[in-house]
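The values are calculated or read from the model by the stated rules, or taken from the named source; none is laboratory data. Worth saying up front: this structure is predicted, and the values here are computed from it rather than measured. When we count neighbours, we look across all protein chains shown, and the Cβ atoms used for this are built from the backbone with ideal geometry, even at glycine. When the accessible area is computed, the model is the full protein with side chains, heavy atoms only, and any ligands, DNA or RNA have been set aside. Shrake-Rupley method; radii C 1.70, N 1.55, O 1.52, S 1.80 Å.
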Amino acid sequence: MQTSLTSQTSSSENRAPLSNPSLASKCSNLPSSEEHIQKLKEAGKDGDKQLITDGGQKRFGAISCNICGMLYTVSNPEDETQHLLFHNQFISAVKYVGWKKERILAEYPDGKIIMVLPDDPKYALKKVEEIREMVDNDLGFQQTPLMCYSRTKTLLFISNDKKVIGCLIAEHIQWGYRVIEEKVPEVSSENEKVIFERQKAWCCSTSPEPAICGISRIWVFSMMRRKKIASRMIECLRSNFIYGSYLSKEEIAFSDPTPDGKLFATQYCGTGQFLVYNFLNGQHQT
């Protein structure tokens, strides 16, 4: 599971939220390269997609876009191109116009959680696929394919201003593998501990354990993290994955978590020895 949990998707989100961020407002203070500005203008001819404009000031080094949240290097043509592509994809993906029939699981002061199933109308499935592609790009690498698409459940966190700011995709599984927790060396601060957790390799047991629910992807918009959005989505999932049953944390496994995803899973489960499945980046250990 990739929890953007990333410089990517999770509750270990380490970017401070902007005050009253508007996902539909215009970016400002971006590089003033004529060639780059022309590309941005051409990409924005469709209407509201032109959300990046020249602020007339030169900026250098790594910056974070205050709209899509992507961290990229100014004056690096490859980075700027990647940012442009992701930015436009992000704007399209997070826009939520609302549906006549919504499967609302929970409502909160800051938004609501809806669930989409494989047999829902095509417009709902198209939106889920659009979000999934954007999430995969945000995580920075190709996710493992779903084991059985017809048995998936997708949860979307919709903000009050009708933007998708959280996504969780879950599937039915039979087995999970226990992460083998590595002892954390003595460090002088909590920040150093977090850095160590992000950088260390992780291993899991080769002995399978029964599991019911696999979290394939869990993502929260970078500027809306540290608001318990990921935790609330998992709580809703545990109540609605199987009718009439509330899943325990021991019945949930995470798909090949990213470093930030591993931190989130550790915090949510209360242990670094949570279950994983579909592991690509981890190593087996008997």
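Taking only C-alpha pairs under 8 Å that are 6+ residues apart, what is the relative contact order of segment 70-176 in percent?
Relative CO of segment 70-176 lands at 27 percent.
Read phi for every residue in segment 261-277 and hand back ³J(HN,Hα) as whole Hz from Karplus 6.51 cos²θ - 1.76 cosθ + 1.60, θ = phi - 60°, with x for Gly and Pro.
x, 5, 4, 5, 4, 4, 5, 5, 7, x, 7, x, 9, 7, 8, 10, 8
Give a residue-ordered list of calculated ³J(HN,Hα) values for segment 231-240 (Karplus: 6.51 cos²θ - 1.76 cosθ + 1.60, θ = phi - 60°; whole Hz; x for Gly, Pro).
Here the 3J(HN,Hα) series is 5, 5, 5, 5, 4, 5, 4, 4, 7, 10 Hz.
With a probe of 1.4 Å, find how much accessible area segment 62-140 has per residue, and write the answer as a whole number in Å².
I get 51 Å² per residue for this part.
What is the distance, in nm, between label points placed 7 Å from the Cα along the Cα-to-Cβ direction at residue 120 and at residue 183?
That separation, rounded to one decimal, is 4.8 nm.
What is the distance in Å between the Cα centroid of segment 218-256 and that of segment 258-273?
Computed from Cα coordinates, the inter-centre distance equals 12 Å.
Considering only Cα-Cα distances, which of the following residue pairs are longer than 27 Å: 162/249; 127/249; 126/162?
162/249; 127/249
For residue 166, which sequence-distant residues (separation of 5 or more, or a different chain) have an amide H within less than 5 Å of its own amide H, given hydrogens modelled in the peptide plane?
Excluding prolines and chain starts, which carry no amide H, the hits are 157, 221.
Given the Cα-Cα distance of residue 243 and residue 129 and 0.36 nm per residue of separation, how much length would full extension add, in nm?
Length difference between fully extended and current span is 38.6 nm.
Ignoring ligands, DNA and RNA, how do 126, 227, 100 rank by accessible area with a 1.4 Å probe, largest first?
Descending order: 100, 126, 227.
Sort 204-211, 230-237 by packing, meaning the average of other beta carbons within 10 Å per residue, with the highest value first.
Result, highest mean first: 230-237, 204-211.
For segment 251-256, just list the computed ³J(HN,Hα) in residue order, Karplus coefficients 6.51, -1.76 and 1.60, θ = phi - 60°, integers in Hz, with x standing in for Gly and Pro.
Here the 3J(HN,Hα) series is 9, 10, 10, 10, 7, 5 Hz.
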